[in-house]
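I'd like to ask some things about the structure below.
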Amino acid sequence: MIQSIRGMKDILPQEMRYWRHLEHTARAVLEGYGYREIRLPIVEQTELFARAIGAATDIVEKEMYTFADRNGDSLTLRPEGTAGCVRAAIEHGLLHNQTHRLWYGGPMFRHERPQKGRYRQFYQIGVEVFGYAGPDIDAELILMTARLWRRLGINDLTLQINSLGSAGARAAYRGELVRYFSAHETGLDEDSRRRLHANPLRILDSKNPAMQSLIEAAPRLSNHLDAESQAHFSALCKQLDAAGVRYQINPRLVRGLDYYNRTVFEWTTERLGAQGAVCAGGRYDGLVEQIGGRATPAVGFAMGLERLAALLMENDAALQGAEPHAYLVTVGEAAERQSVILAEQLRDALPALRLLVHCGGGGFKSQLKHADKSGARFALILGDEEAAAGEISVKYLREDIMQTRMPQAKLAGFLSLHIT
Ligand code: ATP
Ligand code: MG
């Protein structure tokens, strides 16, 4: 039997209600802050990711789905959205003394080891802002995500923030880190030894328990911050304080991608085990120029929808609203003929109505069982007797209220009082 590809999962109808709630709410919050949607290709030239994300990152080193196009070009399924968004902004001239608040959504691809909350195809909603250099926009992004969590009823996320400083400050710090870890090389695991010269900051990101004390004692980037980055960071902290957003400053938060500078942040949960990060981002003022555009400050984040959907499923906060309002049961020939017309009339009259019409025949009892299973509140019963009288019986499936019968012409009015 042909099966799905490892790490690439189907999202089944019973999960979709959470996804739709998540996507719908995210769109509403982002648009409420003036962010505009952009849709980007799933495939880009490999070179784009190598340049943007950094050759010595996990993603580029070992996680990309790269293949030769039929004409020999090297293409890659996007592992993240920022590089493509920057590419598009440059290509369409969005960056010439303009500011833009953009968002996008869709699947990303990374050849990682699949496990709970970690897939090879996964969905992100991402935001990128171009043209603002100050901490005010960093704060806006964080406040916006905090609002989204509140709207979704996800109340137990922790916000960690850090500043990576300027490129210059990072270069100086990098030298010191290499000296420190070289002096303790026997304590490094294989991955870290490999990163020691290529990308020493990433060693700080290691989750290996055996290395934690060594990492804890490593020199801190915060001691190397340039004055401007320091001012930027403390202004951000002040804005978060003023808005009542709680955060932890985590000097070891460096993020996995090379392009960040100054502000980085991550929202995490304890509820998903090792895959606890649900949203992460930061400032990347150097990237636009690095990809060939004119220097433009930029900041963004991306959230992982599988992990957020998993939290929603646990909360069950999104449940309301997906079941049908009513289930139409018909018994008898005349009734069956009428039922389709009646259902269409109801849908015309009530665009928000979720109505299931029983299909596939069967007796009254068995149809009522289907009605109950559907989660509907009402069974609308159309038997030959009702059909002859132009009436319909309404049975409450969830409440202890007596069945009623009414003229079919009154049904839309009745239902309109019960759909929200
Ligand atoms: P992690 O530390 O979990 O590997 P990351 O730092 O690689 O995350 P980013 O590249 O910043 O993640 O992507 C932003 C968000 O996308 C993450 O916080 C996470 O919620 C989600 N995400 C990243 N990789 C995966 C994956 N393989 N499967 C599911 N979600 C993912
Ligand atoms: Mg990762």
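So which residues in the range 358-417 are free of Cβ contacts under 8 Å to residues at least 24 places away in the same chain and of a type in the set (S, T, N, Q), if there are any at all?
Ser366, Ser393, Gln403, Thr404
Test each condition in (1) modelled with pLDDT of 95 or more; (2) over 24 Å from Glu15 (Cα atoms); (3) away from ligand 2 (no atom under 15 Å from the Cβ); (4) open to solvent by less than 40 Å² (accessible area, probe 1.4 Å) for Tyr104 and report the one that comes out false.
Result: Tyr104 passes all but (2).
Ok, one more. Among the residues of the range 338-354, which ones are open to solvent by 20 Å² or more (accessible area, probe 1.4 Å) and without any contact (Cβ under 8 Å) to a residue 24 or more places away in the chain?
Val340, Ile341, Glu344, Arg347, Asp348, Pro351 - these are the residues of the range 338-354 that are open to solvent by 20 Å² or more (accessible area, probe 1.4 Å) and without any contact (Cβ under 8 Å) to a residue 24 or more places away in the chain.
Also, I was wondering about something else. Taking Glu44 as the residue in question, decide whether it is under 15 Å from the mean Cα position of the chain (by Cα) and either open to solvent by less than 30 Å² (accessible area, probe 1.4 Å) or within 16 Å of ligand 1 (Cβ to nearest atom) (or both).
Against the criterion (under 15 Å from the mean Cα position of the chain (by Cα) and either open to solvent by less than 30 Å² (accessible area, probe 1.4 Å) or within 16 Å of ligand 1 (Cβ to nearest atom) (or both)), Glu44 does not qualify.
Right, here's the next one. Across the range 201-241, what is the number of residues that are open to solvent by 30 Å² or more (accessible area, probe 1.4 Å), part of a helix (DSSP H, G or I) and more than 27 Å from Ala146 (Cβ to Cβ)?
8
Still on this structure, please answer the following. Scan the range 53-74 and tell me whether some residue there is under 19 Å from the mean Cα position of the chain (by Cα) and away from ligand 2 (no atom under 16 Å from the Cβ).
no
Just one of Arg6, Arg17, Arg87 is out of contact with any Phe, Trp or Tyr (no Cβ under 8 Å at 6 or more places or on another chain), over 29 Å from Ile154 (Cα atoms) and buried (at least 16 other Cβ atoms within 10 Å of the Cβ); which is it?
Only one candidate passes the filter, namely Arg87.
Something else: Among what's in the range 112-128 and is out of contact with any Pro (no Cβ under 9 Å at 6 or more places or on another chain), farther than 18 Å from Glu31 by Cβ and not acidic (Asp, Glu), pick the residue that is nearest to ligand 2 (Cβ to nearest atom).
The selected residue is Arg118.
May I ask you to list the residues in the range 136-147 that are in contact with a strand residue (DSSP E or B) (Cβ under 9 Å, 6 or more places away or on another chain) and open to solvent by 30 Å² or more (accessible area, probe 1.4 Å)?
Matches in the range 136-147: Glu140 only.
Consider Arg195 against the criteria (1) in a loop (DSSP other than H, G, I, E, B); (2) touching a Leu at 6+ places or on another chain (Cβ under 9 Å): it satisfies all of them except one. Which criterion is unmet?
Arg195 satisfies all of (1) in a loop (DSSP other than H, G, I, E, B); (2) touching a Leu at 6+ places or on another chain (Cβ under 9 Å) except (1).
I need the full set of residues from the range 377-398 which are surrounded by fewer than 19 Cβ atoms within 10 Å (Cβ to Cβ) and part of a helix (DSSP H, G or I), in order please.
Asp384, Glu385, Ala388, Ala389
Those residues that are open to solvent by less than 80 Å² (accessible area, probe 1.4 Å) and part of a loop (DSSP other than H, G, I, E, B), I need them from the range 355-376; list them, please.
His358, Gly361, Gly362, Gly363, Ser374, Gly375, Ala376, listed by residue number.
Another one. Within the range 210-232, can one find any residue that is polar (S, T, N, Q), modelled with pLDDT of 90 or more and touching a strand residue (DSSP E or B) at 6+ places or on another chain (Cβ under 8 Å)?
Yes: the range 210-232 contains one or more residues that are polar (S, T, N, Q), modelled with pLDDT of 90 or more and touching a strand residue (DSSP E or B) at 6+ places or on another chain (Cβ under 8 Å).
In addition: Any chance you could count how many residues in the range 65-79 are open to solvent by 10 Å² or more (accessible area, probe 1.4 Å) and in contact with a helix residue (DSSP H, G or I) (Cβ under 8 Å, 6 or more places away or on another chain)?
Within the range 65-79, residues that are open to solvent by 10 Å² or more (accessible area, probe 1.4 Å) and in contact with a helix residue (DSSP H, G or I) (Cβ under 8 Å, 6 or more places away or on another chain) number 4.
Quick check on the range 148-191: of everything there that is in contact (Cβ under 8 Å) with a residue 24 or more places away in the chain and charged (D, E, K, R), which residue is surrounded by the most Cβ atoms within 10 Å (Cβ to Cβ)? Spell out how you get there, then give the answer.
Let us first name the residues in the range 148-191 that are in contact (Cβ under 8 Å) with a residue 24 or more places away in the chain, namely 148-149, 151-154, 156-170, 172-174, 176-177, 180-181, 184, 187-188.
Cutting the leftovers down to charged (D, E, K, R) gives us 151, 156, 170, 174, 176.
Values: Arg151: 15, Asp156: 11, Arg170: 22, Arg174: 16, Glu176: 16.
That would be Arg170.
Mind listing whichever residues of the range 282-317 are among the basic types (Lys, Arg) and at pLDDT 95 or above?
Arg283, Arg307 - these are the residues of the range 282-317 that are among the basic types (Lys, Arg) and at pLDDT 95 or above.
Residues in the range 116-130 that are more than 8 Å from ligand 1 (Cβ to nearest atom), surrounded by fewer than 19 Cβ atoms within 10 Å (Cβ to Cβ) and modelled with pLDDT of 95 or more: how many?
Summing the residues that are more than 8 Å from ligand 1 (Cβ to nearest atom), surrounded by fewer than 19 Cβ atoms within 10 Å (Cβ to Cβ) and modelled with pLDDT of 95 or more in the range 116-130 gives 1.
Anything in the range 270-313 that is in contact with an Asp or Glu (Cβ under 6 Å, 6 or more places away or on another chain) and in a loop (DSSP other than H, G, I, E, B)? List them, or say none.
Passing the criteria: Ala295, Pro297.
Turning to a different aspect of this structure: Just one of Arg262, Arg252 is modelled with pLDDT under 90, farther than 27 Å from Glu314 by Cβ and of a type in the set (Lys, Arg); which is it?
On inspection, the qualifying residue turns out to be Arg252.
The values are calculated or read from the model by the stated rules, or taken from the named source; none is laboratory data. Treat the numbers as computed from the prediction; the structure is a model and nothing was measured. So basically every Cβ, Gly included, is an ideal-geometry build from the backbone, and we count neighbours across all protein chains shown. Surface accessibility is based on the protein's heavy atoms, side chains included, excluding ligands, DNA and RNA. Shrake-Rupley method; radii C 1.70, N 1.55, O 1.52, S 1.80 Å.
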